[in-house]
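Inspection log for the structure reproduced underneath, given as structure tokens.
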Amino acid sequence: MLPDSISSFINDHLDSFVLELGQFLSIPSVSTLSEHEKDVLRAAEWVLDQVNRCGFTGRV
């Protein structure tokens, strides 16, 4: 069971979370085909942007 403050935060931001997840899932990022190389990189950069927004750092 989550604390009420966390549950409230999730509920208050659920639409945004679903939208962001949809953005990520729309990138064809799982492929061994060379023509999707740019998509895989774009997905990695999307994840990195999310990580940076949370205050962490990383690199692709």
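Quick look at the numbers
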item: Restricting the stretch 50-60 to residues that are part of a loop (DSSP other than H, G, I, E, B) and of a type in the set (A, V, I, L, M, F, W, C), the residue that is farthest from I10 (Cα to Cα); result: V60
item: The stretch 1-49: number of residues that are outside any helix (DSSP H, G or I) and among the β-branched types (V, I, T); result: 3
item: Within the stretch 25-39, considering residues that are surrounded by 13 or more Cβ atoms within 10 Å (Cβ to Cβ) and under 13 Å from the mean Cα position of the chain (by Cα), the one farthest from I10 (Cα to Cα); result: S29
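Every number here is computed from the coordinates shown, using simple stated rules; none is lab data. Remember, it's a predicted structure, so these values are computed and weren't measured experimentally. With ideal geometry, Cβ positions are generated from the backbone for all residues, glycine too; neighbour counts draw on all protein chains shown.
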